[in-house]
Amino acid sequence: MNPLFLATALTAEDIKNYFSGDLIPRIVKFLLQVGVAILAYFIVSKMINKVTRWMKTRLEKRGIDRTRVEFLANTTRVILKILLVVTILLQLGMKSATLVAVFGSVSVGIGLALQGGMANFAGGVLITFVKPFAIGDYIIEASGKTEGTVEKIDMFYTTLRTYDDQLITIPNQVLTNNTVINLTKAGTRRVRSVVGISYKADIDRAKAVLSRLAEEETCRLPDRPCAVYVDALADSSVNLVVQFYTKTEDYFATQWRLTENIKKAFDAENIEIPFPQVDVHFDQNTEGNACREGV
């Protein structure tokens, strides 16, 4: 008998024996269970989202701070989805002891790989309950000079919306381990502009112009002091400073408007604002000697 034919016949026989019995029904049953599990995951996930939204609404009606509400809702959503996955795995036939062992091993691996993530979670808890800032506050993270309005505080990250409408995500650990300047809590912010004038210009007249601009600023807080003074005698200019206070939400518009008004007012008063320049002087005798030497 041809050995190749014998091998082929044995293989076909083995395959026939392998698929005999209840193997195919068990495969079909398992696939159905997987399909039901996937469907259940999506349905229950939507229910979890509705539950967390309901929880947020109830907590907000009780007057609980929005920052805490957002953090608790996000944390609850994650925990419920983890429990959902565990329940589905148990329903698919995974033994609880095996599941505990798997989750234990995975937890150790994840814990070692995501030590920073756990620190970020701890940072989120600190931010939520110590409340150095809240959602809606305008903050500056001093180490990276990142600033913006707090959009949301999640389990691991805080999202800021900048003035030009960009979203910046910062790890919670960074915000808890570094200096954070909260500009909203005070409610006011100092507008400060430094402008240089020529050494030939009249300092008193320039100061009078700056004082007038500060007094005429509509967003200036009248109960807070306003000052104009000489800040420095620089290499090519006398640097004057004008400063006053405004509400935090009016800061940027006021700062930009003041800068423009200073330029227009100084032009109208013929007060020179110097700029870097280089004066080149030629010595005729030296140039002539150089030419004669080069001939």
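What pairs in LYS56/LYS247; LYS61/LYS145; LYS81/LYS152; LYS29/LYS81; LYS145/LYS207 have C-alpha atoms more than 27 Å from each other?
Check vs 27 Å cut-off fails for LYS56/LYS247; LYS61/LYS145; LYS145/LYS207.
Ranked from highest to lowest mean number of other Cβ atoms within 10 Å per residue, what is the order of the peptides 42-49, 247-254, 162-169? Show your work: numbers first, answer last.
Numbers: 42-49: 13.0, 247-254: 15.5, 162-169: 10.5.
Packing order, densest peptide first, comes out as 247-254, 42-49, 162-169.
Using 0.36 nm per residue, how much length does the chain from THR184 to LEU167 gain when fully extended, once their Cα-Cα distance is taken away? The partial results should precede the final answer.
Numbers: separation 17, 0.36 × 17 = 6.12 nm, distance 1.86 nm.
The span from THR184 to LEU167 would gain 4.3 nm if fully extended.
Please list, in order, the residues from region 131-152 whose amide nitrogen is less than 20 Å from a point placed 7 Å along the Cα→Cβ vector of ARG66.
131-141, 147-152
Which three lengths, in whole Å and largest first, does region 172-251 cover when its Cα atoms are put on their principal axes?
Computed over region 172-251, the largest-to-smallest principal extents equal 52, 31, 15 Å.
Just so you know, all these numbers are worked out from the coordinates, no wet-lab data involved. Please read these numbers as outputs of a predicted model, since none were measured by experiment. Methodologically, a virtual Cβ is constructed for each residue, glycine included, from the backbone with ideal geometry; neighbour enumeration extends over all protein chains shown.
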